[in-house]
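Each value in this text was obtained by applying a stated rule to the coordinates, not by laboratory testing. Just so you know, these numbers come straight off a predicted model, no measurement behind them. Cβ: placed from backbone, ideal geometry, glycine included. Neighbour counts: every protein chain shown.
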Amino acid sequence: MFLTQQLPRIHSHFLISSLISHKPQPPKLFLITSALLSESKPKPGPIPTSISHFSTLTPSTTLPQQQENIQLSTENLFFPPETDVASFKNATLSARILKGSNIVLGKYAGGSVDVVNADFVKSSVETKECPCDGIPEFALVGRSNVGKSSLLNSLVRRKKLALTSKKPGKTQCINHFRINDSWYLVDLPGYGYAAAPHEVRTDWAKFTKDYFLNRSNLVSVFLLIDASIPAKKIDLEYASWLGQNQIPMTLVFTKCDKRKKKKNGGKRPEENVQIFQELIREFFQTTPPWIMTSSITNQGRDEILLHMSQLRNYWLKH
């Protein structure tokens, strides 16, 4: 079991036990739906206490056919730092959970989350070569061919900001993209690409881990996991390494639009998400934040940007 780290770095395994009333209470259950957000956009400014645009379905709500859901207890939700859990009523809490995730919108949610402009800044092969302006940044990392570049392009609504390729291992450097002239998205080399030379794989692992451990303005690592297939050992090892080294982390499940037929032995993305959570549970004190996404349908795009926004707002004030 790993300890949380000190602020101001936001630790993704933030202990919510200290925020919950000590009176023993039965766990509240919520249905986390993977349905897409509506086309409406959140307005800048404070988030009201109840917004249906963000809300999940309550347990009494009837699910439409073909709509998938994940049942979570309060203990498996991610509460951002400085969230007064005791102040939430059941209905209010349900309305503040981002769709297709376990993430609760806290007091730092709000402000502009739209991507107005996005520009490639530079590629680096060492942490010391990265931009040194000190603005907050979020790193995307995952197994090769998990869809990192596609997700990055989806977030900024640009088809070719990050290069995509059917051949795994395209990204070989630390690539910085400046968003709205105020924060960075960082595309990191994929791991687990067996066809790459051994020396190259070793170098990638070395400078990527050095970046995680020594990049002071890193707000959170977004670890991408392919939800269309069963959990891979290398993904579990990577997640546990991040936890052991107290690196802030959010799990981003990709390819959630792909539906494998059960009769062929495949599992739905929702099932693979739940299984992955169970497998990593022993490595963390609390469940890390997670979001279900698809770069094809843009599922999870707005949720990721909202999550990044509240983490970024907290980071800037501390």
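A few comments on the model shown:
- Virtual spin-label span in nm between residue 296 and residue 318, 7 Å along Cα→Cβ: 3.8 nm
- Aspartates and glutamates whose Cα lies under 14 Å from that of residue 209, excluding same-chain neighbours fewer than 8 positions away: 126, 187, 237
- Exceeding the 31 Å Cα-Cα cut-off - candidates 107/148; 99/148; 206/267; 99/122; 206/232: 206/267; 99/122
- Summing charges over all other residues whose Cβ lies under 10 Å from the Cβ of residue 155, with Lys and Arg as +1 and Asp and Glu as -1, gives +2.
- Sites residue 213 and residue 180 - FRET efficiency at Förster radius 35 Å, r taken between beta-carbons, to 0.05: 0.80
- Cα lying deepest toward the dipole's positive end in segment 243-313, options 296, 280, 266, charges on Cβ: 266
- Virtual spin-label span in nm between residue 271 and residue 92, 7 Å along Cα→Cβ: 3.9 nm
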